[in-house]
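The values are calculated or read from the model by the stated rules, or taken from the named source; none is laboratory data. This structure is a prediction, so every number in the text was calculated from the model and none was measured. Here Cβ is always computed from backbone atoms with ideal geometry, including for glycine, and neighbour counts include all displayed protein chains. Side chains are part of the model used for accessible areas, which takes the heavy atoms of the whole protein and leaves out ligands, DNA and RNA. Shrake-Rupley method; radii C 1.70, N 1.55, O 1.52, S 1.80 Å.
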Amino acid sequence: MRRVTGRGRVLTVGVFVVACGLALPGTASAYGPGEGQGSQKPAPSGNSDGKGEISATAGAVVYDTSNNGSGQSAGPVTSTTTWTPPACYYAPKYSPAALKAYLEPIWEAESTGSQWDLEQRNKYEDGGKDPGTYKDFNKEKTGKGYWWDSYVTKGREGDPGALDCDKPIFWVDNGDPPPADIGNAVTPKILAELAYNEIRVPGTKVTLAPAGTTKVNLPTWAWLDGAAFKPVSVTASVPALGISATTTAKPVSLKIEPGTADAQTYPASGVCQINNGRIGEPYAKGKAHQTPPCGVKYLRSSGDGTYPLKATITWKIHWTGSDGTGDNLPDGTFGATQNVTVQEIQAVNR
């Protein structure tokens, strides 16, 4: 599908011809049939370094997820602010031959009007004399640069911001920066933000003790498997440009929300700090009436139902780029809800 966004500009969304694929030396193909502009298909995978899977899921950007969180309960983090990764970005997409194979069928279909087609032919095929025009799709520069185009970030296809990257396809010589008026041109920082979107962290179902049904006014200990909660990271790169960024998420705290106002959390804030990889403390026999470092005490029975206890981990997120840059990104959270049955303590009269 192509969206005409104004005279001289066409935004291509969700359409890609496999013959137009950008060859990235030494990597898996960055996209396959039907991909491009953010259209995602199951990615090819390989084991290039013997350490884990490298997947290509977003056009010219390749993601190494070998150090990411895994498991059926793993999921993406949600920013604690209104910030989100960019909905679209610009990166290399076509060689001269690939751009020709992409545009000529569009012109031949005459779906955009003869005047439009004539202007585009002059820009990319028959020009070369005037600024901003090219001869034969820059064929004489094959191997010396790439045609850049916009991509839509995975999962943001319906986002209005995905339409912001509406610049016409443009050429960039190897080693040169993209034009100054191109916003969201791929950089290590942009790659770090895209990698944020790919971060997956372990599930947050906590272990409670006493196990099973808990009792009114009895402290319930809560903890998570510390071995599962360690830093995770994703590296995003553009091999054609030799740039990359690694985004790392580190767990820092667990927040417990009992699911009812008739409860008391430990500590009072409900936020259990993570120290030395430990999240709470496992319950041991004989501690039933002690105050847990992380837990909850229910003050009222759940009756015939349950209380929805929610456990949420906060992750500090930082990135480092191949050019030596780096910074923090907004904290991310990931949580899950589990049902807790609370009963009254039964007194025994003798």
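Just give me the residues in the stretch 271-326 being among the small types (Gly, Ala, Ser) and either surrounded by 14 or more Cβ atoms within 10 Å (Cβ to Cβ) or closer than 14 Å to VAL252 by Cβ (or both), in sequence order. Give the steps one after another, and end with the answer.
Filtering the stretch 271-326 down to residues among the small types (Gly, Ala, Ser) leaves 277, 280, 284, 286, 288, 295, 301-303, 305, 311, 321-322, 324, 326.
GLY277, GLY280, ALA288, GLY295, SER301, SER302, ALA311, GLY321, SER322, GLY326, listed by residue number.
Listed here are the residues, each with its yes/no results for (1) under 30 Å from ASP225 (Cβ atoms); (2) in a loop (DSSP other than H, G, I, E, B); (3) open to solvent by less than 40 Å² (accessible area, probe 1.4 Å); (4) touching a residue at least 12 places away in the same chain (Cβ under 8 Å).
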{"site": "ALA98", "(1), (2), (3), (4)": "no, no, yes, yes"}
{"site": "GLU108", "(1), (2), (3), (4)": "no, no, no, no"}
{"site": "ASP117", "(1), (2), (3), (4)": "no, no, yes, no"}
{"site": "GLY128", "(1), (2), (3), (4)": "no, yes, no, no"}
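Examine the stretch 249-258 for a residue that is open to solvent by 10 Å² or more (accessible area, probe 1.4 Å) and assigned to a loop (DSSP other than H, G, I, E, B), and state whether such a residue exists. Yes. Assess whether THR337 counts as being in contact (Cβ under 8 Å) with a residue 40 or more places away in the chain, assigned to a strand (DSSP E or B), open to solvent by 30 Å² or more (accessible area, probe 1.4 Å) and within 18 Å of GLY212 (Cα to Cα). When the stated conditions are applied, THR337 passes them.
Here's the yes/no breakdown for (1) more than 30 Å from TYR94 (Cβ to Cβ); (2) among the charged types (D, E, K, R); (3) touching a helix residue (DSSP H, G or I) at 6+ places or on another chain (Cβ under 9 Å):
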| position | (1), (2), (3) |
| --- | --- |
| LYS141 | no, yes, yes |
| GLY155 | no, no, yes |
| GLY158 | no, no, no |
| CYS165 | no, no, no |
| ASP181 | no, yes, no |
| THR187 | no, no, no |
| ARG200 | yes, yes, no |
| PRO219 | yes, no, no |
| LEU241 | no, no, no |
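If you go through the stretch 132-144 one residue at a time, do you hit one that is part of a loop (DSSP other than H, G, I, E, B), among the β-branched types (Val, Ile, Thr) and open to solvent by 40 Å² or more (accessible area, probe 1.4 Å)? Looking through the stretch 132-144, at least one residue is part of a loop (DSSP other than H, G, I, E, B), among the β-branched types (Val, Ile, Thr) and open to solvent by 40 Å² or more (accessible area, probe 1.4 Å).
Annotation note: of GLY113, GLY71, GLY155, the sole residue that is open to solvent by less than 50 Å² (accessible area, probe 1.4 Å) and at positive phi is GLY113.
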